[in-house]
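Just below is one structure, and these are the notes that go with it.
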Amino acid sequence: MDENELRTVVIATLKTIAPEVEEGDLRADRPLRNQVDLDSMDWLNILIGLHQKLQVDIPEADYARLVTLGDVLDYLRKKLK
Amino acid sequence: MIEFKLPSLGADMDEGKLLEWKVRPGDTVKKGQVVAIVDTSKAAVDVEIWCEGTVFELLTEPDETIPVGTVMATLLEAGESAETAKRAPRAAPAPKAAATPSHPGPLPRHGGEGIVSGRRRVSPAARKHAEELGVDIETVAGSGPEGAVTLADVEQAAAAAKVSPTRTAAVTDKVADKAAEMRRAIAAAMGRSKREIPHYYLSEPVPMRRATEWLAQANEGRPITARLLMAVLQLKAVALALRKFPEMNGYFRDGAFQPATAAHIGVAISLRQGGLIAPAIHDVGEKSLEQLMLDLADLVKRARAGSLRSSEMSDPTITVTNLGEQGVAAVYGVIYPPQVALVGFGRIGEQPWVENNALGVMPVATASLAADHRVSDGHRGALFLAALRDQLQEPEKL
């Protein structure tokens, strides 16, 4: 899966929870939860969605590293290697 | 002859629009069965019935808007035939078992789900987009799981229909109307609360180290799909604390307090399109954390999809709000009538904390209570919050 495909999957998963999100408005270097109204249930559902689509395991201990969209993409890319 | 009346699905509802009957004359119904879908200002609600019988006549037409208490249908009791029923006067008082929301009968378990499975699943995004595009959602074929209508289905239908801009404008107005209607309903219920309920407010900083550490450990060995959220620990702690403080749990009706026997906790859920809804998780004190997590996830999903059941809307005995998720330190809530208390949780943040004569850093969440002075005093409220704090210090017992 290349960078664009991965990004597409992440944005699509985000949109299942927050359909109002416009991809163009998202800054990859800013905390995601400052830009999108997500509570912990939303966040968990997004991670479950990514887990199911990409077959990656995301331990809870890693949540703290997943702050920005860029963090999420980096994390998943490494996991998928 | 049993009369099935439109129940009140919350303090902010005085009328509803029948969207669809789920039964036909001649069908037999069981307690807790969903018989109709009724649109309120907040959501389309699956309305359950609280008696057994055979549907005789449907008196309300789909798309008809009717006041709460209107007889929507008549049913035959066991042993009653259409002939004997016809002779009975129509105005006979409805048996107590009819669909009153305050009926203390057995609460529905999730067994009712088989009945609603025939219902079309439409994602909230798809519904909203359909309204914006002027597409009748009922005519869109669903390609998602279980025939769910997705955004893509709506866009396809819109492209096929080449909807005119005038229609789109009219529909945009309709969406705005719906939001305004919801705001009016919230205003009515909260206005009534502030007029009628003499609130008092208390707050208590709750050390959360034990709970957060326990939760991290509990989640470590779990697959992501089985992980717990702090919210369920908080809900369970509230339910357990309520056992010793029945005056926080129940309804104030007709000038008197009616304590509830179980903790049906209304969970404040914000809706993405604006507004909020606080449907109940039933019997919170009796459920495991795992079960509560499943129930909460299911409730949030259905609240956002606009697919709630009437019992969830009408019987919360107390409400819990967790605005800490949005980063606020504490929340002082407005009680949802006829309930008599609301518990709020602020964010969990690290604070300087003195323990055993040493200054350290502690994750702390402020728990707050808004309670009804007609029923309880600040002294009892303070003891309740202390009990809640203590429950959260022993997460393994939740």
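Tell me yes or no: at least one residue of region B:250-264 is among the polar types (S, T, N, Q) and under 30 Å from A:GLN52 (Cβ atoms). No: region B:250-264 contains no residue that is among the polar types (S, T, N, Q) and under 30 Å from A:GLN52 (Cβ atoms). Scanning region B:335-363 for residues that are away from chain A (no Cβ under 14 Å) and under 18 Å from B:LEU385 (Cβ atoms) yields a count of 10. So, of the residues in region A:58-69 that are in a helix (DSSP H, G or I) and out of contact with any Lys or Arg (no Cβ under 7 Å at 6 or more places or on another chain), which turns out to be surrounded by the fewest Cβ atoms within 10 Å (Cβ to Cβ)? Across region A:58-69, the extreme among qualifying residues is A:ALA64. Which is more than 10 Å from chain B (Cβ to nearest Cβ), free of Cβ contacts under 8 Å to residues at least 60 places away in the same chain, surrounded by 13 or more Cβ atoms within 10 Å (Cβ to Cβ) and touching an Asp or Glu at 6+ places or on another chain (Cβ under 7 Å), of A:ILE17, A:ILE11? Answer to the check: A:ILE11.
Would a scan of region B:215-236 turn up a residue that is more than 14 Å from chain A (Cβ to nearest Cβ), closer than 17 Å to B:LEU388 by Cα, of a type outside the set (Val, Ile, Thr) and surrounded by 16 or more Cβ atoms within 10 Å (Cβ to Cβ)?
There is at least one residue in region B:215-236 that is more than 14 Å from chain A (Cβ to nearest Cβ), closer than 17 Å to B:LEU388 by Cα, of a type outside the set (Val, Ile, Thr) and surrounded by 16 or more Cβ atoms within 10 Å (Cβ to Cβ).
Screening region A:24-38 for residues that are away from chain B (no Cβ under 12 Å) and not aliphatic (A, V, I, L, M) and picking the one that is surrounded by the fewest Cβ atoms within 10 Å (Cβ to Cβ) gives A:GLY24.
Is it the case that some residue within region A:39-57 is surrounded by 14 or more Cβ atoms within 10 Å (Cβ to Cβ), small (Gly, Ala, Ser) and not in a helix (DSSP H, G or I)? Looking for residues that are surrounded by 14 or more Cβ atoms within 10 Å (Cβ to Cβ), small (Gly, Ala, Ser) and not in a helix (DSSP H, G or I), one finds none in region A:39-57, hence no.
The set of residues in region B:278-326 being in contact with a strand residue (DSSP E or B) (Cβ under 8 Å, 6 or more places away or on another chain), farther than 16 Å from B:ALA231 by Cβ and not in a strand (DSSP E or B) consists of B:ARG302, B:ALA305, B:GLY306, B:SER307, B:SER310, B:SER311, B:GLU312, B:MET313, B:ASP315, B:THR317. When every residue of region B:251-273 is checked against the conditions, none turns out to be in contact (Cβ under 8 Å) with a residue 60 or more places away in the chain, assigned to a strand (DSSP E or B) and within 14 Å of chain A (Cβ to nearest Cβ). Taken together, the criteria place B:VAL343 among residues that are assigned to a strand (DSSP E or B) and buried (at least 24 other Cβ atoms within 10 Å of the Cβ).
With respect to the stated conditions, B:LEU369 fails to be free of Cβ contacts under 8 Å to residues at least 60 places away in the same chain, in a strand (DSSP E or B) and over 21 Å from B:VAL45 (Cβ atoms). The residues on offer are B:ALA358, B:ALA382, B:ALA367, B:ALA387, and the sole one that is crowded, with 21+ Cβ neighbours inside 10 Å, at negative phi and small (Gly, Ala, Ser) is B:ALA367. Going by the conditions given, is B:ARG195 more than 14 Å from chain A (Cβ to nearest Cβ), without any contact (Cβ under 8 Å) to a residue 12 or more places away in the chain and surrounded by fewer than 16 Cβ atoms within 10 Å (Cβ to Cβ)? Here the answer is yes, as B:ARG195 does meet what is asked. For region B:231-250, does any single residue satisfy the condition of being modelled with pLDDT of 95 or more, in a loop (DSSP other than H, G, I, E, B) and charged (D, E, K, R)? Checked region B:231-250: at least one residue is modelled with pLDDT of 95 or more, in a loop (DSSP other than H, G, I, E, B) and charged (D, E, K, R). Reported count of residues in region A:44-81, each being among the charged types (D, E, K, R) and within 10 Å of chain B (Cβ to nearest Cβ), is 2. In the list A:ASN34, A:ASN4, which residue meets the criterion of being of a type in the set (S, T, N, Q), assigned to a helix (DSSP H, G or I) and under 24 Å from B:VAL328 (Cα atoms)? Being of a type in the set (S, T, N, Q), assigned to a helix (DSSP H, G or I) and under 24 Å from B:VAL328 (Cα atoms) holds for just one of A:ASN34, A:ASN4, which is A:ASN34. The set of residues from region B:68-83 being exposed (fewer than 12 other Cβ atoms within 10 Å of the Cβ) and not aliphatic (A, V, I, L, M) comprises B:GLY79, B:SER81, B:GLU83. Condition check for B:ARG304 on (1) within 14 Å of chain A (Cβ to nearest Cβ); (2) free of Cβ contacts under 8 Å to residues at least 60 places away in the same chain; (3) farther than 27 Å from B:ASP390 by Cβ: one failure, at (2).
Yes or no: region A:70-78 includes at least one residue that is touching a strand residue (DSSP E or B) at 6+ places or on another chain (Cβ under 8 Å) and not aliphatic (A, V, I, L, M). Scanning region A:70-78, I find no residue that is touching a strand residue (DSSP E or B) at 6+ places or on another chain (Cβ under 8 Å) and not aliphatic (A, V, I, L, M), so the answer is no.
The values are calculated or read from the model by the stated rules, or taken from the named source; none is laboratory data. All of these numbers come straight from a predicted model, not from anything done at the bench. Methodologically, a virtual Cβ is constructed for each residue, glycine included, from the backbone with ideal geometry; neighbour enumeration extends over all protein chains shown.
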